[in-house]
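Notes for the one structure printed next.
Taken together, the values in this text are just the output of simple stated rules run on the coordinates, not laboratory data. None of the values given here were measured: they were computed from a predicted structure. Here Cβ is always computed from backbone atoms with ideal geometry, including for glycine, and neighbour counts include all displayed protein chains.
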Amino acid sequence: MPPTSSQNTDASALVALHNISKAYPGVLANDAVNLVLEAGSIHALLGENGAGKSTLVKILYGLLAPDTGTIHWQGQQVSITEPNVARQLGIAMVFQHFSLFDSLNVLENIALGMGVKADDTLARRIVEVSERYGLPLDPQRSVYTLSVGARQRIEIVRCLLQDPKLLIMDEPTSVLTPQEVGDLFETLNVLAEDGMAILYISHKLEEIRTLCSAATILRGGRVVAAADPRQESVASLAALMMGDELPPSSMRKPHKGTARVFEVAELNVLAPDANTVGLRDINLHVSAGEILGIAGVAGNGQDELLQALAGERISDEAVHIKLDGRPLGKLDAGARRRRGLCCVPEERLGHAAVPSLSLTENVFLTGHHRRDLRTFGLISYGRSKRFAQDVIDQFNVQCQGPEALASSLSGGNLQKFIVGREIMQAPRVLVISQPTWGVDAGAAAAIHKAIVELAAQGSAVLLISQDLDELMQATDRIGALCAGRLSDFYLTRDVTVQQVGLLMGGEALAGAHDGVVA
């Protein structure tokens, strides 16, 4: 693909993005973003969920077209209209979710991805490249017999066979064992030494410090900082991701409630495999009418904590989790709901709602534990439909009515429906994770209003979020998860975003007593 212009810019750079902007309805995903990548560098792209990272790399790889801005490749302006154009230039991408066929072998998968014949010549090239870069592969091995790490090697080798100059990696270690992570880092360092540029996206900040020599940080679709991760701490990188500006302090009046509704004491949960985080010595309590916030960079145990509290992972000892003074630890998720514990998980489709079911059917899945949605033990479709319509009406869910499939709703409307479904069950305690991730400002405001009103009615709310603005404005007390450990909690109005950043990095705050920073 010939460049569209011979204009020179950033002549020493491999690729330079200038003023890239991309808008969706209600959301400015990228706002005049500039990014320069040098040959032979491993460059991190950091940001919270919704910061604009995925949109930017999809533009660079030709999956999306920018609304405005230019891309310069080796000093010349180019138009990357589709992935095939990106590959011709020398850009390759390893996606977080692999695109492999289990029933085919390594050779067949690579040939299919490259659009070439699965012959002996390709098999020899696979062996040659895989051995050169420490990515051992047997071309004849069936994919279904391979570990996750070996499957990722297939994706990387498939990219390397195209002789790329830039390799984009999206959350490459999210499903790897520590040994596989070490092997991957060795390979990436060899590739960089050979002159390849690597754009590395990850939420794991310690990995970024170990691997990357430069970082660009996005927040709200804009570049907010640049740094050398080797000169930063995990806490300082987290603070850069949140931005330097101070979010408004909590607008809530000082909480005066003393009755503890929900308590967790010395909760320990072992990680079932190398891809999850164990929980260690988790202690927290939430009073009636209180909103307790938990911050943290993704992957530090937020999902595991919600699963343990919701009853998706059962604790061996009932004393660890109590609601109104009574133990919950040995109860399953349904029994906990009947006692008054409702949950909103981070993943909307597949966890909080079933995509292929209607809103009426989805409302029954959790609502029947606390609402009268059955007749003589059988599902009452009429009652479920009325409950779904009540949620739609009260939370202004834009949809085609209770019969609409969950998958047909926009992200913001589905989130309003899920939050409304749980709140309208009048829970004693609501555990809610990432309540406004990826939704527009209007939906976020509606969800925040509903959470605050629920607390005002005397419910206890545990709010888990990566959005520091959200936590600083909506909570009474705040703490942070880091590597499966929960910090102390502090009055939100008495801490700064920089101090929360320290908590997210696993550090304690100096001069703290009784939940207040002196």
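If the segment from Arg260 to Asn396 were pulled out straight at 0.36 nm per residue, it would be longer than the present Cα-Cα gap by 45.7 nm. Once backbone amide H atoms are built at 1.01 Å from N, Met93 has Ile168 as its partners under 5 Å, excluding neighbours fewer than 5 places away on the same chain.
Rounded to two decimals, what is the ratio between the C-alpha radius of gyration of segment 15-242 and 2.2 N^0.38 Å? Intermediate results must be reported in sequence, preceding the final value.
Details: Rg = 17.6 Å, N = 228, 2.2 N^0.38 = 17.3 Å.
Relative to the rule-of-thumb radius for its length, segment 15-242 sits at 1.01.
Backbone amide hydrogens, once placed in the peptide plane, bring Ala480 within less than 5 Å of Ala295, Ser487, excluding anything fewer than 5 places away on its chain. Couplings 3J(HN,Hα) for segment 331-348, derived from phi with the Karplus relation 6.51 cos²θ - 1.76 cosθ + 1.60 (θ = phi - 60°), are 8, 7, 4, x, 5, 5, 4, 4, 7, x, 9, 10, 9, 10, x, 5, 7, 6 Hz, where x marks Gly and Pro. Within the set [x] 3, 13, 17, 19, 17, 12, 7, 4, 3, 2, 1, 1, 0, 0; [y] 4, 17, 29, 29, 17, 5, 0; [z] 4, 17, 25, 25, 18, 9, 2, 0, the number that P(r) over Cα pairs in 10 Å bins from 0, in percent takes when calculated for this structure is listed as [z]. Once the Cα atoms are used to define both axes, helix 148-160 deviates from the longest principal axis of the chain by about 40 degrees. Ellipticity at 222 nm from helices only: DSSP H runs of n ≥ 4 in the chain, each -39500 (n - 2.57), divided by the residue count, give -9500 deg cm²/dmol.
Using packing as a proxy for protection, rank 447-456, 286-295 so that the peptide with the highest average count of other Cβ atoms within 10 Å comes first.
286-295, 447-456
Label point of Ser356 set 7 angstrom out along Cα-Cβ; within segment 381-408, amide nitrogens under 19 Å from it belong to 403-408.
Extension gain, Thr496-Ala226: 0.36 nm per intervening residue step, less the Cα-Cα distance, totals 95.0 nm. DSSP beta bridges confined to the chain are antiparallel in about 55 percent of cases. Label positions at Lys330 and Ala298, each projected 7 Å from the Cα along the C-beta direction, are separated by 3.8 nm.
Restriction of the chymotrypsin sites (Phe, Trp or Tyr not before Pro) in segment 362-448 to DSSP coil positions whose beta-carbon has at most 13 other beta-carbons within 10 angstrom yields Phe376.
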